Amino acid sequence: MPILSLNEQNLPYPDPIHPIIIHFVIAMVFFSFTCDLIGYLTHKHHLFEVSWWNMFVAAVAIFLAVIFGQLEAGLAQPYAAAQPTLDLHTITGWSLSALVVGIAAWRFVIRARDPLRIPPAYLGVATFLLILVSFQVYLGTRLVWVYGLHVEPVVEATKRGILQ
């Protein structure tokens, strides 16, 4: 018998929490980049401060997203077809958490040295981050919309042994 009582989505709480937190992180990373890019192109330096705080909060929140992602992935009982995508999503998620923290630290150093300037190299790395985040969004979308993890009919079919 499970220690936690699970609902029809195989979760101990009403809805998945990972997507809520991760969408917040995604928005903050994209907004941070947008503020830096607009600030760089228009010389509106106050946008650099907005960017920094968005990246800082994203760096903190991504760990909550990873923790809930790991918990919910473990409760999902993924069937064989979903497992490779889930594994890649997990590896990419942990990599992104390290990358976001590293970029936030670099952004902190940039801010401390000269709060009125962003080096083009930072914008290049931030562009790579956006590409990686977009790939991760694609993987997460596949897990829900293609494989149906934590979707009631799929959970029920897995419990009955129809999906393996």
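Only a single criterion out of (1) outside any helix (DSSP H, G or I); (2) loosely packed, with under 14 Cβ neighbours inside 10 Å; (3) touching a helix residue (DSSP H, G or I) at 6+ places or on another chain (Cβ under 9 Å); (4) in contact (Cβ under 8 Å) with a residue 12 or more places away in the chain is not satisfied by Q9, namely (2). Among the residues of the range 39-69, those that are surrounded by fewer than 17 Cβ atoms within 10 Å (Cβ to Cβ) and either free of Cβ contacts under 8 Å to residues at least 24 places away in the same chain or touching a strand residue (DSSP E or B) at 6+ places or on another chain (Cβ under 9 Å) (or both) comprise L41, T42, H43, K44, H46, W53, V60, I67.
Among (1) open to solvent by 20 Å² or more (accessible area, probe 1.4 Å); (2) in contact (Cβ under 8 Å) with a residue 60 or more places away in the chain; (3) more than 21 Å from A112 (Cβ to Cβ), where does A27 come up short? Going through (1) open to solvent by 20 Å² or more (accessible area, probe 1.4 Å); (2) in contact (Cβ under 8 Å) with a residue 60 or more places away in the chain; (3) more than 21 Å from A112 (Cβ to Cβ) one by one, A27 breaks only (2). Of all residues in the range 119-144, exactly one satisfies the criterion of being at pLDDT below 95 and either over 15 Å from the mean Cα position of the chain (by Cα) or more than 21 Å from A61 (Cβ to Cβ) (or both), namely R142.
When each of G93, G140, G124 is tested for being loosely packed, with under 14 Cβ neighbours inside 10 Å and assigned to a helix (DSSP H, G or I), the lone residue that passes is G124.
The listed residues are V29, V57, V50, and the only one of them that is in contact with a Leu (Cβ under 9 Å, 6 or more places away or on another chain), hydrophobic (A, V, I, L, M, F, W, C) and not in a loop (DSSP other than H, G, I, E, B) turns out to be V29.
When restricted to residues that are open to solvent by 70 Å² or more (accessible area, probe 1.4 Å), in a helix (DSSP H, G or I) and modelled with pLDDT under 85, the range 145-164 contains 4. Give me the residue from the range 70-90 that is touching a Lys or Arg at 6+ places or on another chain (Cβ under 9 Å) and not in a helix (DSSP H, G or I) and, out of that set, surrounded by the fewest Cβ atoms within 10 Å (Cβ to Cβ). Looking at the filtered set, the residue picked out is Q77.
With respect to the conditions (1) over 29 Å from Y147 (Cβ atoms); (2) modelled with pLDDT under 95; (3) within 18 Å of the chain's Cα centre (by Cα), P115 falls short on a single one, namely (3).
The values are calculated or read from the model by the stated rules, or taken from the named source; none is laboratory data. As the structure is a computational prediction, the values presented were derived from the model and not from experiment. FYI the Cβ positions are ideal-geometry reconstructions off the backbone, even for glycines, and counts take in every protein chain you see. We work out accessible area using only protein heavy atoms, side chains counted, and drop any ligands, DNA or RNA first. Shrake-Rupley method; radii C 1.70, N 1.55, O 1.52, S 1.80 Å.
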